[in-house]
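Undergrad: Quick one: the structure is below, and I'll ask about it shortly.
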C-alpha cells in the first residue's frame, strides 16, 4: 500500500517527498501547499467510476482556481464548471477547453454571456426567466444559439450548513420546482436558445447520499413532464457538493457515490427508453484534502479565560472558520517535547472573529510551524487583503519537485493600482 500524499517521517510532516519545514523555510508563511498526487487520486476516483458510462466530470473552479491546480485537471481531461467570465479565462489559461465548460451562476452579466458564447462553452445553467431573456438577446445579437439547461431548485434539505445549502425554497438559486415545467416551455420558445439539459445543485459539504437521490427522483419526474411537453432533455447535471472529512465526518466514498447516482438515473432511462448523459460538478471533494495551509506561531499568549496561539495566518488567508464556524484540523509540523496546552489559534487581524481553531490541544512553542489541514478548497480563493495583508504564496508539490503556483503578493503590488489626490 502506498503512503498518503500527506504523511510523517520521524514525526515530521511531509507533502509527498518534500518536508513541510523545508517548504516554509524556502517560501515563507502563510503558505498554501497542494499535492499533485492527492489531486490526481481524487480525480481518478470520479473518472474511474464514470468510465464506460454516459457520464463526465466538470471541476468546480470556484473551489480552487489556481492555474496550476486547474492545469493538473486539464491534463487529465477534465471538464470545468464556472460561475464567472474570470473563471472562464482561468480555465482557458490553464489548458482547459471551452467546449467542456458548463457556465453556472445566478447573476451572469451580458459581457460574461457574450464572452462565453464566443468561446463556445458547452452549456449555460440558467436560473431565471430574466436570465433566459438576456441570454436570448445576447445570442441573437451574435447570430448564435445558446445551449441551455435550467437549474431547478428541488426544495431538498442537504443537511449541511445553511450558508452552503442551495436547494431549498428560501435559497436564491435556481428556478422553483413548481415553476420549472412552464419555464422550460418559455425557454424552448425563445429563438436563440437551445434547451439541452436540466441542472440541480442542492448544496455543499453533503455527507449523505440520500439527499442527492431525493433530488434526482424529483428531477427525473420533472424530466418526464418536460418531455411530455415536447422539450427534449439530453443531459442531467447533478451538480457537486459531496463532502470531505475535516474532523469526524463520514462522507460516502467517491466511487460508491458516483455509481449510486448513475444507477438511479440509468434505471429511469431503462424504464422510459431514454438514456441521457450525466454531469458531475465536484469541487471540495477534489481539492479540499489535497491542500494544507502552513503558518508560523508568533506568540503564545496566556489569558484570563483561555490561552491564545497567535500565528501569522489570519481570517484573510482562511475565511472558513470565521464565516462558517468551520473546523480545520491543526497540527504541529514537527513534534515538541513540551507540555501540551489548550489554545485558541488566532491570527493578527484586528477582529475578534479572526480565529482559525478553538480549544485545540497543542504542544508548541513560539516559532513552531503548524499545518492547517483540509485547506485546498475555499481557502486561497476566498482570501483577501484585509488589514493590507498580502495574500499567501501557493506551491504545488509533485513528488520531490516543488512548483511555485503563485508568488507571494507584496505590499507594493497592493498599492500599485491606487492614487492619492492631485495637488
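Undergrad: Take the stretch 247-298 and flag every residue that is more than 15 Å from the chain's Cα centre (by Cα) and part of a loop (DSSP other than H, G, I, E, B).
TA: Within the stretch 247-298, 247, 248, 249, 250, 251, 252, 253, 273, 274, 275, 276 qualify.
Undergrad: Same structure again: What number of residues in the stretch 223-246 are in contact with a helix residue (DSSP H, G or I) (Cβ under 6 Å, 6 or more places away or on another chain) and in a helix (DSSP H, G or I)?
TA: Selection size over the stretch 223-246: 2.
Undergrad: Of the residues 41, 47, 25, only one is assigned to a helix (DSSP H, G or I), outside the structural domain of residue 298 (by TED's automatic domain parsing) and closer than 20 Å to residue 405 by Cβ; which?
TA: Selected residue: 41, the only one of 41, 47, 25 that is assigned to a helix (DSSP H, G or I), outside the structural domain of residue 298 (by TED's automatic domain parsing) and closer than 20 Å to residue 405 by Cβ.
One line per residue, one yes/no per condition, for (1) modelled with pLDDT of 95 or more; (2) in a helix (DSSP H, G or I); (3) not assigned by TED's automatic domain parsing to the domain that holds residue 293:
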{"site": "29", "(1), (2), (3)": "yes, no, no"}
{"site": "56", "(1), (2), (3)": "yes, no, yes"}
{"site": "69", "(1), (2), (3)": "yes, yes, yes"}
{"site": "80", "(1), (2), (3)": "yes, no, yes"}
{"site": "90", "(1), (2), (3)": "yes, yes, yes"}
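Undergrad: Among the residues of the stretch 365-374, is any over 26 Å from residue 19 (Cβ atoms) and touching a strand residue (DSSP E or B) at 6+ places or on another chain (Cβ under 7 Å)?
TA: Within the stretch 365-374 (the criterion being over 26 Å from residue 19 (Cβ atoms) and touching a strand residue (DSSP E or B) at 6+ places or on another chain (Cβ under 7 Å)), the answer is no, since none of the residues qualifies.
Undergrad: Just give me the residues in the stretch 67-89 being farther than 12 Å from residue 280 by Cβ, touching a residue at least 60 places away in the same chain (Cβ under 8 Å) and buried (at least 23 other Cβ atoms within 10 Å of the Cβ), in sequence order.
TA: Answer for the stretch 67-89, where residues must be farther than 12 Å from residue 280 by Cβ, touching a residue at least 60 places away in the same chain (Cβ under 8 Å) and buried (at least 23 other Cβ atoms within 10 Å of the Cβ): 69, 72, 73.
Undergrad: Something else: What's the number of the only condition in (1) under 19 Å from residue 174 (Cβ atoms); (2) in contact with a helix residue (DSSP H, G or I) (Cβ under 9 Å, 6 or more places away or on another chain) that residue 215 fails to meet?
TA: (2)
Undergrad: Say whether the condition of being surrounded by fewer than 16 Cβ atoms within 10 Å (Cβ to Cβ) and modelled with pLDDT of 95 or more is met by at least one residue in the stretch 368-380.
TA: Let us first name the residues in the stretch 368-380 that are surrounded by fewer than 16 Cβ atoms within 10 Å (Cβ to Cβ), namely none.
Looking through the stretch 368-380, none of the residues is surrounded by fewer than 16 Cβ atoms within 10 Å (Cβ to Cβ) and modelled with pLDDT of 95 or more.
Undergrad: Tally time: how many residues in the stretch 188-215 are outside any strand (DSSP E or B) and surrounded by 22 or more Cβ atoms within 10 Å (Cβ to Cβ)?
TA: So in the stretch 188-215, the residues outside any strand (DSSP E or B) come out as 188-192, 200-202, 204-205, 207-215.
Now drop any that are not surrounded by 22 or more Cβ atoms within 10 Å (Cβ to Cβ), which leaves 200-202, 204-205, 212, 215.
Matching residues across the stretch 188-215 total 7.
Undergrad: Which of (1) out of contact with any helix residue (DSSP H, G or I) (no Cβ under 8 Å at 6 or more places or on another chain); (2) in contact (Cβ under 8 Å) with a residue 60 or more places away in the chain does residue 36 not meet, given it meets every other one?
TA: In the conditions (1) out of contact with any helix residue (DSSP H, G or I) (no Cβ under 8 Å at 6 or more places or on another chain); (2) in contact (Cβ under 8 Å) with a residue 60 or more places away in the chain, residue 36 misses (1) alone.
Undergrad: Scan the stretch 347-367 for residues that are closer than 21 Å to residue 246 by Cα and surrounded by 18 or more Cβ atoms within 10 Å (Cβ to Cβ) and report the count.
TA: Count: 7.
Undergrad: Among the residues of the stretch 381-410, count how many are in contact with a strand residue (DSSP E or B) (Cβ under 7 Å, 6 or more places away or on another chain) and surrounded by fewer than 14 Cβ atoms within 10 Å (Cβ to Cβ).
TA: Within the stretch 381-410, residues that are in contact with a strand residue (DSSP E or B) (Cβ under 7 Å, 6 or more places away or on another chain) and surrounded by fewer than 14 Cβ atoms within 10 Å (Cβ to Cβ) number 4.
Results for (1) over 23 Å from residue 123 (Cα atoms); (2) at pLDDT 95 or above; (3) touching a strand residue (DSSP E or B) at 6+ places or on another chain (Cβ under 9 Å); (4) assigned to a helix (DSSP H, G or I), shown as yes or no for each residue.
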position	(1), (2), (3), (4)
134	no, yes, no, yes
139	no, yes, yes, yes
167	no, no, yes, no
170	yes, no, no, no
173	no, no, yes, no
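Undergrad: Find the residue count for the stretch 130-156, including only residues that are buried (at least 23 other Cβ atoms within 10 Å of the Cβ) and over 25 Å from residue 222 (Cα atoms).
TA: 1
Undergrad: Follow-up. Regarding the stretch 327-346, can at least one residue be identified that is buried (at least 16 other Cβ atoms within 10 Å of the Cβ), touching a helix residue (DSSP H, G or I) at 6+ places or on another chain (Cβ under 6 Å) and over 18 Å from residue 13 (Cβ atoms)?
TA: The answer is no, given that none of the residues of the stretch 327-346 is buried (at least 16 other Cβ atoms within 10 Å of the Cβ), touching a helix residue (DSSP H, G or I) at 6+ places or on another chain (Cβ under 6 Å) and over 18 Å from residue 13 (Cβ atoms).
The values are calculated or read from the model by the stated rules, or taken from the named source; none is laboratory data. Every value quoted in this text rests on a predicted model; they were computed, and no experiment measured them. Because the Cβ atoms are built from the backbone with ideal geometry, glycine has one as well, and the counts that use them run over all protein chains shown.
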